[in-house]
Amino acid sequence: MERLINFIYEYRAFFTFLFLELLCAWLVIENNQYQSTRYFNSSNQVAAQVLGFSQGVREYFSLRTINEDLARENAELRRDLERTRQQISTPTDTARINQFDFVSAKVMANSTNLYKNFITIDKGSVDGLAPGMAVIGDAGAVGKVKSVSERYAVLISLLNVDQQISGQIKRTSHFGTVRWDGANMRYTTLQFIPRHALPVVGDTIVTSGYSAVFPQGIMVGVIREANLKPEAPFWDIRLELAQDFGRLAFVEVIKSKLKSEKDSLETITIGEPK
């Protein structure tokens with residue numbers, strides 16, 4: 001306290017000058033309309049900028065909660081959309097109408113620069129996840145669940161040379177196999193499209209629904225190259241993936257309630273896959 005008093009006493013002339021300057025400024029602003037208007041406009045502008053900055057900081061730190069809420073809402077909307085679609089085609093089959101359910105999850109790890117890429121998410125068996133379930137992002141198909149623990153799951157990405165899904169040309173309904181060639185994270189291939197199918201650049205590729213894992217019509221990509229060699233039985237087709245795996249933050253896991261029934265029937269009829 002003594003040091004503070006000594007400091008003020010030592011610089012008393014400066015503090016007196018500063019006090020008089022502030023007093024003069026206040027008197028000028030208080031007794032002149034122009035200066036008063038300019039002062040309040042400037043102070044309001046500064047206050048607005050400070051408030052805007054603080055609000056931006058608060059919004060930034062709440063982005064995670066907002067994104068999680070949006071992801072959960074997207075999952076609910078997808079579920080309702082799929083139920084409506086199934087209700088139109090099979091209005092009396094309750095089991096088929098409620099065939100698919102969606103669980104939103106946050107991406108915890110994601111590789112894109114390997115030949116065999118995997119994704120880790122923050123949902124697991126306690127959330128009803130199991131190996132083999134399909135996974136989609138905000139723009140399209142992402143992959144399938146490979147393994148699960150109680151609270152986490154590892155997905156096998158579409159950017160994995162061992163992964164393949166059934167894809168369909170939306171315009172012609174011809175179906176083939178979507179499989180990554182390991183070359184570019186934005187592109188994949190569509191194999192086994194017969195030469196009479198006549199695909200064209202710009203055609204949309206969606207999931208066929210044949211596996212009972214993915215609902216029919218989930219976006220996969222767009223044809224960017226389609227070539228047919230002489231006497232070749234199938235087209236060489238290159239797709240641009242709808243989902244940008246480099247910016248994947250949230251995904252939705254699709255739980256198919258009829259998959260086990262379909263797999264059991266096929267196993268009994270056809271036998272175990274080799």
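Readers should treat all values here as calculations from the given coordinates under stated rules, not as data from a laboratory. Predicted model only: the values in this text are computed from it and were never measured. Backbone-built Cβ (ideal geometry, glycine too); neighbour counts: all protein chains shown.
Before moving on, here are some points about what is shown:
- Cβ-placed point charges (K, R +1; D, E -1), dipole of segment 170-274 about Cα centre in debye, nearest 20: 140 debye
- For segment 155-225 versus segment 241-274, the gap between their alpha-carbon centres in whole angstrom: 15 Å
- Proximity of backbone amide H atoms, modeled 1.01 Å from N, is registered between residue 171 and 204 at under 5 Å, excluding neighbours fewer than 5 places apart on the same chain.
- Residues 100, 175, sorted so that the one with the fewest Cβ neighbours within 10 Å comes first: 175, 100
- Neighbourhood net charge (9 Å Cβ-Cβ; Lys/Arg +1, Asp/Glu -1) for residue 161: 0
- This ranking places 102, 19 by how few other beta-carbon atoms lie within 10 Å of each, fewest first, which gives 19, 102.
- Per-residue Cβ neighbour rank within 10 angstrom, fewest leading, 240, 252, 21: 21, 240, 252
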